[in-house]
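Read the structure below first, then the notes.
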Amino acid sequence: MRRRVVITGMGAVTPLGHDVKSTMEGQLAGKSGVGPIQQFEARTFPTTFAAEVKGFDLAQHIPENGPWDNAGPNTRFAFAAAKQALAQAGLLQDTKTDRSRLGVYLGSGEGVQDFHAIMWALSRTYDPATRDYDVPAFTRYALELFHPQREAEQELHTTAAHLARYFGLEGPNLSCLTACAASSQAIGEATELIRHGDAEVILAGGAHSMIHPFGVTGFNLLTALSQRNDAPSKASRPFDLHRDGFVLGEGAGMLVLEELEHAKQRGAVLLAELTGYGSTADAFRVTDSHEDGRGAIACIRGALKDSGLSPDQIDYINAHGTSTKVNDRAETLAVKAVFGERAYQVPMSSSKSMLGHLIAAGGAVELITCIEAIHRGWIPPTINYETPDPECDLDYVPNQARPHRVRHALSNSFGFGGQNISLIVSRFES
């Protein structure tokens, strides 16, 4: 018999709040976390707004100094969310569990981006006459300006390593960065590790912030970001006819995944069960989903097969729903292909309409939203849905939260580069 995997703890830091409760209640209220960028002067950028985490201070969560002193916001968000999740699971003060059976699997993005230091060094070593750089001089400036520990924090594995060291998680320690699918993939792969007996408990999720000059520039060059600068809170409008791109967000989402019998023996509260995991690649283009949704279709079908559920048993879909022309159309096609006529009866909403796109952290926060929907009997809306798109004609729960009984929820994460992850989470039943 396959080992069952349950969720025993959750934590979140998002543009709508610094914990799960405020994040979910903000979504149910239809609040937007989007506003003008405050972290740097963005007025000359094509996009001047983002969904930033507001008023965050790690000292309110973990008061003493620690391994985060030189870390970027991604790691700081991760620490706060991880502490919430481990505390809810009853593992912060636990001394009985074999720590070598407690692991970490994160889908986390890059850390510190020292934009000012690198631009200062470049500006002072560029020769307009030759249109070239003095590389030895740049190296000298860089050695003076760049902070060695902060440079190390750019590595993708550092967040997971910091969490393991601080919280005493001595089991498997892994990281992945498959763009927008990263934290969902981390959760899915962590589930497989537990199913195969390689761990009893894994802290899984993700953390990311790309709200810096390099990040905004990159997505603007890809023409992926909305440029609705006159109305930032209206910019993220998944499935709406007049959508013009996604809104960059930041934050962290963490879940404690645990083998069922292990959780029961500890007396842990069983929040939900992770029942399905599907993973595919479009094998198509770097930024575009396949126009026929082939990767997404196979991914959703894979999650359903893994769960043993039929499409008729899915009560809610938390869409990837980025607010881009290509993604929203492809995801709609995929849901229709898998669900048939039932696609029109299953409510599907996009948390990104309110949270923005948390990139690597998005999938974990959206899975938490699904678990909250199961417990609360309410599903969040897709805000800013004003003009229907004939190619996107499903029930996107427009603008208002809705009471709805959810036993099984599907969460989709379809990343740049064509990585697709679908997760199914279910109300726990013995």
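The values are calculated or read from the model by the stated rules, or taken from the named source; none is laboratory data. Keep in mind that what you see is a predicted model, and the values were worked out from it rather than measured. Cβ coordinates were reconstructed from backbone atoms using ideal geometry, including for glycine residues, and neighbour counts include every protein chain displayed.
Things worth noting here:
- Among residues of the range 365-380 that are among the acidic types (D, E), those with a Cβ under 7 angstrom from a residue that is assigned to a helix (DSSP H, G or I), sequence gap 6+ or separate chain, pair up as E372/V20; E372/M24.
- Set G66, G55, G35: member being in contact with a Phe, Trp or Tyr (Cβ under 7 Å, 6 or more places away or on another chain) and over 27 Å from A190 (Cβ atoms): G35
- Yes/no for I211 being within 18 Å of G362 (Cβ to Cβ) and modelled with pLDDT of 90 or more: yes
- Cβ-Cβ distances below 6 Å connect the following pairs, each with a first residue in the range 91-105 that is surrounded by fewer than 23 Cβ atoms within 10 Å (Cβ to Cβ), a second residue that is acidic (D, E), and a separation of six or more residues or different chains: R99/E170; S100/E170; R101/E200.
Residue-wise test of (1) of a type outside the set (A, V, I, L, M, F, W, C); (2) over 26 Å from S349 (Cβ atoms); (3) in a loop (DSSP other than H, G, I, E, B).
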{"site": "Q185", "(1), (2), (3)": "yes, no, no"}
{"site": "E192", "(1), (2), (3)": "yes, yes, no"}
{"site": "G197", "(1), (2), (3)": "yes, yes, yes"}
{"site": "D244", "(1), (2), (3)": "yes, no, yes"}
{"site": "L257", "(1), (2), (3)": "no, no, no"}
{"site": "A263", "(1), (2), (3)": "no, yes, no"}
{"site": "T275", "(1), (2), (3)": "yes, no, no"}
{"site": "A296", "(1), (2), (3)": "no, no, no"}
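- Checking each residue in the range 368-403 for being in a loop (DSSP other than H, G, I, E, B) and in contact with a His (Cβ under 8 Å, 6 or more places away or on another chain) picks out G377, E386, T387.
- All positions within the range 104-147 that are in a strand (DSSP E or B) and either touching a His at 6+ places or on another chain (Cβ under 9 Å) or farther than 30 Å from L367 by Cα (or both): L106, G107, Y126, D127, D132, Y133
- Breaking point among (1) part of a loop (DSSP other than H, G, I, E, B); (2) surrounded by fewer than 17 Cβ atoms within 10 Å (Cβ to Cβ), for V406: (2)
- Looking across the range 115-135, the residues that are surrounded by 10 or more Cβ atoms within 10 Å (Cβ to Cβ) and of a type in the set (S, T, Y) come down to T125, Y126, Y133.
Quick grid of which residues meet (1) surrounded by 20 or more Cβ atoms within 10 Å (Cβ to Cβ); (2) under 18 Å from the mean Cα position of the chain (by Cα); (3) not hydrophobic (A, V, I, L, M, F, W, C):
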position	(1), (2), (3)
G245	yes, yes, yes
G251	yes, yes, yes
M254	yes, yes, no
L260	no, no, no
K264	no, no, yes
L270	no, no, no
L274	yes, yes, no
D288	no, no, yes
G293	yes, no, yes
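- Picking from residues in the range 344-396 that are surrounded by fewer than 18 Cβ atoms within 10 Å (Cβ to Cβ) and polar (S, T, N, Q), the one that is farthest from S426 (Cα to Cα) is T387.
- Restricting attention to the range 42-56, the residues that are under 23 Å from the mean Cα position of the chain (by Cα), surrounded by 10 or more Cβ atoms within 10 Å (Cβ to Cβ) and of a type outside the set (V, I, T) total 6.
Every residue, every condition in (1) out of contact with any helix residue (DSSP H, G or I) (no Cβ under 8 Å at 6 or more places or on another chain); (2) at pLDDT below 95; (3) not assigned by TED's automatic domain parsing to the domain that holds G215, yes or no:
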site: V20; (1), (2), (3): no, no, no
site: A29; (1), (2), (3): yes, no, no
site: G35; (1), (2), (3): no, no, no
site: Q38; (1), (2), (3): yes, no, no
site: T47; (1), (2), (3): no, no, no
site: A51; (1), (2), (3): no, no, no
site: P63; (1), (2), (3): yes, yes, no
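- For the range 168-176, the criterion of being at negative phi, over 15 Å from the mean Cα position of the chain (by Cα) and among the hydroxyl-bearing types (S, T, Y) is met by none of the residues.
Quick grid of which residues meet (1) closer than 21 Å to G218 by Cβ; (2) aliphatic (A, V, I, L, M):
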{"position": "G90", "(1), (2)": "no, no"}
{"position": "R101", "(1), (2)": "no, no"}
{"position": "L106", "(1), (2)": "no, yes"}
{"position": "E110", "(1), (2)": "yes, no"}
{"position": "Q113", "(1), (2)": "yes, no"}
{"position": "D127", "(1), (2)": "no, no"}
{"position": "T130", "(1), (2)": "no, no"}
{"position": "V135", "(1), (2)": "no, yes"}
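- When each of S289, S279, S233 is tested for being of a type in the set (S, T, Y) and in a loop (DSSP other than H, G, I, E, B), the lone residue that passes is S289.
- Scan of the range 165-183 for residues that are surrounded by 23 or more Cβ atoms within 10 Å (Cβ to Cβ) and assigned to a helix (DSSP H, G or I), ordered by number: C180, A181, A182, S183
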